[in-house]
Amino acid sequence: MHILLDLDRTLIDTSSVEEHMRDSRGRDYVANNITRFLTDPYHEDLAKLLNKMANHSMVSIVTNSPKHYARAVLKKHG
């Protein structure tokens with residue numbers, strides 16, 4: 001089984017960065033300073049659930065956002 005999950009505003013509440021995502025300069029700023037922004041999983045046990053799912057299935061995170069930004073958000077949340 002392969003499970004696809006969307007990153008922004010689905011897995012992680014990234015509404016705090018939306019105004020910065022309109023241009024490349026803002027996206028770069030967010031990616032390089034992600035710890036300065038409030039981004040939280042929509043469910044506190046989500047990381048545990050995803051890890052359990054990954055043990056039995058292939059889990060992929062998809063997004064329209066730039067790779068460097070997505071990687072920064074995912075790294076921040078483990």
ask   = Does segment 56-64 include one or more residues that are loosely packed, with under 14 Cβ neighbours inside 10 Å, assigned to a helix (DSSP H, G or I) and at pLDDT below 85?
value = yes
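Residues checked against (1) over 14 Å from residue 63 (Cβ atoms); (2) open to solvent by 70 Å² or more (accessible area, probe 1.4 Å); (3) in a helix (DSSP H, G or I):
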| site | (1), (2), (3) |
| --- | --- |
| 3 | yes, no, no |
| 10 | no, yes, no |
| 18 | no, yes, yes |
| 27 | no, no, yes |
| 35 | yes, yes, yes |
| 38 | yes, yes, no |
| 43 | yes, yes, no |
| 52 | yes, yes, yes |
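The values are calculated or read from the model by the stated rules, or taken from the named source; none is laboratory data. From a predicted model like this one, the values you see are computed outputs, not experimental measurements. Glycine also receives a Cβ, built like all others from the backbone with ideal geometry; neighbour counts cover every protein chain displayed. With ligands, DNA and RNA removed, areas are computed over all heavy atoms of the protein, side chains included. Shrake-Rupley method; radii C 1.70, N 1.55, O 1.52, S 1.80 Å.
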